[in-house]
Structure formats: structure tokens, C-alpha cells
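The values are calculated or read from the model by the stated rules, or taken from the named source; none is laboratory data. Note that the structure is a prediction, hence the values are computed from the model and not measured. Neighbour counts run over all protein chains shown; Cβ positions are idealised from the backbone, glycine included. Each accessible area value is taken on the protein alone, full model and side chains, heavy atoms only, with ligands, DNA and RNA left out. Shrake-Rupley method; radii C 1.70, N 1.55, O 1.52, S 1.80 Å.
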Amino acid sequence: MSFRCAFTIRSDTRYLSLLRKWIEAAATLMGESAFPRRAVIPCSLALIEAVDNAIFHAHARRAHLPIEVGLAVSRGVIEIDIVDQGTGIDHTPVCQPEAMVTHGRGLFLIHELMHDVQSHKDRGRHRLHMTYRL
């Protein structure tokens, strides 16, 4: 059994709670064998961090700009896509942030939580593709 769902939100942090519930709902729908409970927290956190980065960095809090989010579950793999209108991130390795900094943890967390993270820029859009292997 596979699952695929995608939709578009505005660049607004009020959507973050919806996204958390979306991951939970997908896991419940798919069942433990396809989307185990151990994957819910890492996938949720990575999704929230990526969308938060799109809102604050890529879109500079311009709420009218859209963010596309996608989730696909199949054959032991969970894939999450975030597409924004920003310039994207570079591919340099992400170092662990200093303990007392108040920002800069998002990319580090995404890379730590997910098994693969790819950034693609194309025609004024940026796609962050994250993979979690079961």
C-alpha cells in the first residue's frame, strides 16, 4: 500500500500545527508496518523545521507566498517535499550549532533526523526533498 498527498499553504506559522497533525494522520492511516510510530517524530520535526525556514528565510515572512508540501509513503520509504519561492540553501555540510545560539538549528536538525536531504533550485523555486528510510 502506498500513500501520496500534497497541498499548498500560505507562508504563515499558523499552518505548522496542521502539518504536525497531517503526519500523525498519515501514520495512523498507513498503519505501523508502512509508517511506524518511530518515524512520526523525526518526520514531523523535519517538516516543521523546513516549512519554518521557508516562512522566515525563503519568504521573509511574506504571507502571500505559497509553500507546497508533499508526503509520499511507499516500500519502506517516507518522502517529504517542501517547495518555496526562495533561492534555496547551499549544500555545504551542516555543523552542530553552538549550545547557546538562538537560531541556526533547523538545517542541522533536518540533516540529523532524515536519512537523505536534497536541495534543488529551478526557475525561481526551491525544492527541499527529504527521505526517511524504514
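Brief remarks on what is shown
- Between 0 and 90 degrees, the angle of helix 37-53 with respect to the longest Cα principal axis of the chain falls at about 20 degrees.
- In plain terms, the chain from Ser33 to Gln85 could stretch by 15.2 nm, reckoned as 0.36 nm per residue minus the Cα-Cα distance.
- Förster radius 22 Å - calculated FRET efficiency between Arg123 and Ala6 (Cβ-Cβ, nearest 0.05): 0.75
- Summing charges over all other residues whose Cβ lies under 14 Å from the Cβ of Ile55, with Lys and Arg as +1 and Asp and Glu as -1, gives -1.
- For the chain, the solvent-accessible area with a 1.4 angstrom probe is 59 square angstrom per residue.
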